[in-house]
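One structure, pasted below without further comment.
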Amino acid sequence: MTIERILDYAHSLMKKTIEPGDAVIDGTCGNGHDTAFLAELVGEQGHVYAFDIQEKAITNTKKRLLEHGLANHTSLIHDSHAHVQQYLKDKDQNNISAAIYNLGYLPGSDKSVVTKPEGTIQSLENVLATLKKGGLVVLVVYHGHPGGAEEKDAILEYVSELDSKHYQVLHYGFINKKRTPPFILAIEKLS
């Protein structure tokens, strides 16, 4: 057996959950890697809602999607993921099958522009409200930057309090790595 790296495991969870035709969310599109991955999984009949507060992230993601012919079934939204419900089509309300977040900052960009606990938790509340039964939210939590520890602690507290009758939460990460290695929180909606 080989233990999967953090991002590989996040993608493995998405592959097991998402089917062609699904509606999904990329809460932090960044450089477009996850957005393109999700767009391939949902296919032309599905839809990806991709959010980022940085114009550079939207531009980078759009370029990647165009290069791979995936732009037609993706909405790039230059806004906080906290406002996710404002952008979902009516048919996708309560019908989201998966969402993924890479928390922290945009690689190769201004490290002072980071995800914040309040916005991330508001986004989680909104996404969990739109998630269908069996749906999954995966958070890749990078927390080695200024403000990262506060966001990590707030999210861990929030997900720990989710009702186990309705959600199960997995915590996956390496505990013997140097510095502050990222980890995954995966939330599955049971009912």
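How about region 134-178: which chymotrypsin sites (Phe, Trp or Tyr not before Pro) there are in a DSSP loop, with at most 12 other Cβ atoms within 10 Å of their Cβ? If you can, show how the numbers build up before the last one.
Values: sites: TYR142, TYR158, TYR167, TYR172, PHE174; in loops: TYR142, PHE174.
Passing both the DSSP loop test and the Cβ count: PHE174.
Looking only at the chain, where both bridge partners belong to it, what percent of the DSSP beta bridges are antiparallel (to the nearest 5)?
Taking every DSSP beta bridge with both residues in the chain, the antiparallel ones total about 45 percent.
Taking R0 as 22 Å, what's the FRET efficiency between GLU150 and ILE3 from their Cβ-Cβ distance, rounded to 0.05? Don't jump to the answer; show the numbers that get you there.
On the way: r = 29 Å, r/R0 = 1.30.
With R0 = 22 Å, the Cβ-Cβ based efficiency is 0.15.
I'd like the FRET efficiency for ILE175 and LYS63, computed as 1/(1 + (r/R0)^6) with the beta carbon distance as r and R0 of 41 Å, rounded to 0.05.
For R0 = 41 Å, the calculated efficiency reads 0.65.
Which residues among region 72-109 fall inside the zone where the amide N is under 20 Å from a point 7 Å beyond the Cα of LYS56, along Cα→Cβ?
76-81, 102-109
Leaving ligands, DNA and RNA out of it, report the carbon-plus-sulfur percent of the accessible area of region 6-189 at a 1.4 Å probe.
49
Using DSSP to define loop residues, name the trypsin sites (Lys or Arg not before Pro) in region 64-164 whose beta-carbon has at most 11 other beta-carbon atoms within 10 Å.
Those that pass, being in a loop and sparsely packed, are LYS89.
Express the accessible area of the chain per residue in Å², computed with a 1.4 Å probe while the remaining protein chains stay in the model.
For the chain, the per-residue accessible area is 52 Å².
If you don't mind, another one. For the pair ASP163/GLN85, report the inter-label distance in nm, with labels modelled 7 Å from Cα in the Cβ direction.
Taking the two extended label points, one gets 1.6 nm.
The values are calculated or read from the model by the stated rules, or taken from the named source; none is laboratory data. Keep in mind that what you see is a predicted model, and the values were worked out from it rather than measured. When we count neighbours, we look across all protein chains shown, and the Cβ atoms used for this are built from the backbone with ideal geometry, even at glycine. Surface areas here come from the heavy atoms of the whole protein model, side chains and all, with no ligands, DNA or RNA. Shrake-Rupley method; radii C 1.70, N 1.55, O 1.52, S 1.80 Å.
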